[in-house]
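A short reminder: the numbers here are calculations on the coordinates, not readings from a lab. The structure presented is a predicted model; accordingly, all values stated were derived computationally and were not measured. Neighbour counts are summed over all protein chains in view; Cβ atoms, including those assigned to glycine, are modelled from backbone coordinates with ideal geometry.
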Amino acid sequence: MSVADDLRCARDLLAHAERVVVFTGAGVSAESGVPTFRGPGGLWKSFRPEQLATPQAFARDPRLVWEWYGWRREIVAECRPNLAHVALGRWMLMREGVTLVTQNVDDLHERGAEDAARGLIREGRIGGGGEPAGGVRAAAARVAPIRLHGSLFHARCTRCGGERAHRDPIDAATAETLPRCACGGLLRPAVVWFGESLPEDALQAAFHAASEAAVCLVVGTTGAVHPAAGVVHETLGAGGAVIVVDPGETAYDDVAAVRLWGAAGELVPELLAAT
Ligand code: NAD
Ligand code: ZN
């Protein structure tokens, strides 16, 4: 089959699906310039992520770990959502029944949805000609992803467990300058580290949505990180179909009903434009 046939087939599956789960990984943000862990640019000061993204590393040297997260925040802050993020946001704002589940810790799905909402407001397709109640942010929040691995822009207290948005620049010069909670406890990045369990409510919500979906659209993930990778199997197990968009091999290639080989920024807008 040609790519055009594959696209047609995938569009058809999506058009007939009452519920859809979109499952994304580092690849959806690759064209925005966010390095994937396994690709070039994944290293920082010659450390591998496995040496920094662990509770042991944070206990041993919180300054080093915060310094790395500060660097990653700066990289992501300079990145722009790409055409895949915007197309997904637009599609979700225009149709019901789509749940977005991401393994990414960047905020590009949210910012992509904001760009999409701005466009739709300009076109008069949402908001009835004016700003919708709550503005662009509120419109985009309606299609916010379920985050399986947390967010670079949230922090959690190591003492009281309180979690909140945290975007301030990181000063890791001394232990005293590291970010602190109102209770005085040391804050840590609210991301899931190697060896830690995923947030139970997010995982359950993701698995539930996937088990009810007629289609799981997988974008930019090898499917190697568990238990997140199991989202796709929930859809399959319930008799749903899988569509994979990725330029490289993934764990889902043999079970995909449609396999679209290529970059998310090109294929996702094409796929979603006509559905
Ligand atoms: P991965 O690195 O295992 O796989 C990335 C996938 O993206 C590969 O299959 C690759 O072929 C594909 N890819 C590369 N360029 C692409 C493009 N232009 N369009 C579509 N796909 C493309 O990533 P993963 O499966 O997400 O697992 C890595 C883990 O690391 C995740 O748990 C994630 O939380 C974390 N991580 C997140 C970010 C981020 O937030 N942006 C970045 C790096 C790592
Ligand atoms: Zn606290």
log₁₀ I(q)/I(0) of the chain at q = 0.12, 0.14 Å⁻¹, via Debye over equal Cα point scatterers, no solvent, to two decimals?
-> -0.76, -1.01
What is the extension gain from TRP71 to ALA138, computed as 0.36 nm multiplied by their sequence separation minus the C-alpha to C-alpha distance, in nm to one decimal?
-> 21.3 nm
Nearest-5 percent of antiparallel DSSP beta bridges in the chain?
-> 30 percent
Order these peptides, 83-94, 15-26, 172-183, 239-250, by their mean beta-carbon neighbour count within 10 angstrom, highest first.
-> 83-94, 15-26, 239-250, 172-183
Value at 222 nm in deg cm²/dmol, rounded to 500, when DSSP H runs of n ≥ 4 in the chain each add -39,500 (n - 2.57) = -11500 deg cm²/dmol
The FRET efficiency for CYS9 and LEU64, from their Cβ-Cβ distance with R0 = 35 Å and rounded to 0.05, is 0.15
Set of the range 1-45 residues, backbone N closer than 18 Å to the point 7 Å along the Cα-Cβ line of MET94 = 7-22
Listed residue (LEU198, PRO247, ALA165) projecting farthest to the positive dipole end of the chain, Cβ model = ALA165
Taking H as built 1.01 Å from N, whose amide H comes closer than 5 Å to the amide H of VAL22, not counting residues under 5 places away?
-> THR99, LEU100, VAL101, LEU217
By Cβ neighbour count within 10 Å, fewest first, ASP107, ASP12 rank ASP12, ASP107
Which whole-number value in Å³ per residue fits the convex hull of the alpha carbons of the range 206-275?
-> 86 Å³
Report the net charge of residues surrounding ARG118, where surrounding means a beta-carbon distance below 14 angstrom and charges are Lys +1, Arg +1, Asp -1, Glu -1.
-> +1
Theoretical FRET efficiency, 1/(1+(r/R0)^6), r = Cβ-Cβ of ASP253 and ARG80, R0 30 Å, to 0.05 | 0.50
Contact order normalised by residue count of the chain, Cα under 8 Å, 6+ apart, percent = 26 percent
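Which semi-axes, in whole Å and largest first, does the equivalent ellipsoid of the range 133-240 have when worked out from the alpha carbon gyration tensor as the square roots of 5 times its eigenvalues? Could you put the intermediate results ahead of the total?
On the way: eigenvalues 206, 65, 29 Å².
For the range 133-240, the semi-axes come out at 32, 18, 12 Å.
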For ASP201 and ALA238, extending 7 Å from Cα along the Cα-Cβ vector and measuring point to point gives, in nm, a value of 2.1 nm
Restrict the search to the range 70-171; then list the GluC sites (Glu not before Pro) that DSSP places in a loop and that have at most 11 other Cβ atoms within 10 Å of their Cβ.
-> GLU96, GLU123
If the chain between ARG159 and THR177 were fully stretched, how many nm would it gain, using 0.36 nm times the residue separation less the Cα-Cα distance?
-> 4.8 nm
Note: LYS45 to ARG118 extended length (0.36 nm per residue) minus current alpha-carbon separation gives 22.4 nm
